[in-house]
Amino acid sequence: MESFMKSSKQSKRSVSKLAQKVLDFLQEEHVFPAKVLSEVPLHKINARAPRNLYVDILVQGICAMEVDGPQHKVPVRFGGISLAQAEENLDRQKTLDRRKELFIRGSNLPLIRLDENEVKEISFEMIYQKLEIARKAISHD
């Protein structure tokens, strides 16, 4: 992973508005003494991961972060789609989230998940509390 981090360029994928708020906070507040990257291909930190999965935020050598909008927890009718389609999208999203989590944990990297309400109240203390919890989860796996 370290060689990837040294030679990697920022991904060309767009960052969600919520993830961008977290990214801005991490960079402006200098929360971590490490490089912070967004939209990193998951296979770069776990070779077994499919090439179409991305980590929202990767803090070099410290943790991965996933920033979850409402569509990760409830059916959201983006663009006026039907409720049935929104429910199918939610099921797919939950499956995708579980897969990403398994691959991230498989790389022994702590995973911090933030939902939209947490992003609104983000703080240095919150990030470090979540990091401590994530580190403990890895040591118990």
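Measure nothing fancy, just the Cα-based angle from helix 124-140's long axis to the longest principal axis of the chain, in degrees from 0 to 90, nearest 10.
90
Looking at the stretch 14-128, how many pairs of lysines come closer than 13 Å at the Cα, when each pair is eight or more places apart or spans two chains?
Details: 17/120; 21/120; 44/100; 73/94.
Eligible lysine pairs with Cα atoms under 13 Å apart amount to 4.
Output the 0 to 90 degree angle, nearest 10, between the alpha-carbon long axis of helix 17-28 and the longest principal axis computed from the alpha carbons of the chain.
20
Rg to Rh for the chain: what is it, with Cα atoms only and Rh by Kirkwood? Present the calculation step by step, with values, prior to reporting the outcome.
Values: Rg = 15.2 Å, Rh = 15.8 Å.
Taking Rg over the Kirkwood Rh, I get 0.96.
With the chain treated as a Gaussian network of Cα nodes joined by springs under 10 Å, which of 50, 33, 110 yields the largest mean-square fluctuation?
Maximum among the listed residues: 33.
Quick one: angle between helix 83-106 and the longest Cα principal axis of the chain, in degrees between 0 and 90, rounded to 10, please.
Relative to the chain, helix 83-106 is tipped by roughly 20 degrees.
When a footprinting reagent is the concern and you count Cβ atoms within 10 Å, what order do 54, 128 take, fewest first?
Numbers: 54 19, 128 13.
Neighbour counts put them in this order, fewest first: 128, 54.
If packing is taken as the mean number of other Cβ atoms within 10 Å per residue, what is the order of 99-105, 56-62, 133-139, highest first? Can you show the working numbers first?
Numbers: 99-105: 18.0, 56-62: 20.6, 133-139: 13.0.
Ranking the peptides 99-105, 56-62, 133-139 by packing returns 56-62, 99-105, 133-139.
Pop a pseudo-label 7 angstrom from the Cα along the beta-carbon direction at both residue 95 and residue 13 and give the gap in nm to one decimal.
Placing both labels 7 Å along Cα→Cβ, they lie 1.8 nm apart.
How large is the dipole of the chain about the Cα centre if only Lys and Arg carry +1 and Asp and Glu carry -1, each at its Cβ, rounded to the nearest 20 debye? Walk me through the intermediate numbers first.
Details: 23 positive and 20 negative charges, 133 e Å.
The dipole of the chain has a size of about 640 debye.
Pick from 29, 118, 39: which residue has the top mean-square fluctuation in a GNM of the chain where Cα pairs under 10 Å get a spring?
In this elastic network of the chain, the residue with the biggest mean-square fluctuation among 29, 118, 39 is 29.
Please identify which residues in the stretch 39-55 have an amide N closer than 12 Å to a label point set 7 Å out from the Cα of residue 81, following the Cα→Cβ vector.
Counting only backbone N, you get no residues.
Would you mind getting me the FRET efficiency between residue 20 and residue 88? Use the beta-carbon distance for r and R0 = 22 Å, nearest 0.05. Don't skip to the end; give the middle numbers.
On the way: r = 27 Å, r/R0 = 1.24.
Working from the Cβ atoms, E equals 0.20.
Which value in deg cm²/dmol, rounded to the nearest 500, describes the helix-derived mean residue ellipticity at 222 nm for the chain, given -39,500 (n - 2.57) per DSSP H run of n ≥ 4 and division by the residue count?
Working: 5 runs with 64 residues, N = 141.
Value at 222 nm, helices only: -14500 deg cm²/dmol.
Just to be sure I understand: with springs between alpha-carbon atoms less than 10 Å apart, which residue in 88, 66, 116 has the highest mean-square fluctuation in the Gaussian network model of the chain?
Answer for the Gaussian network model of the chain: 88.
Sort out for me the Cα centre separation of the stretch 107-128 from the stretch 36-79, rounded to whole Å.
13
A short reminder: the numbers here are calculations on the coordinates, not readings from a lab. As the structure is a computational prediction, the values presented were derived from the model and not from experiment. Because the Cβ atoms are built from the backbone with ideal geometry, glycine has one as well, and the counts that use them run over all protein chains shown.
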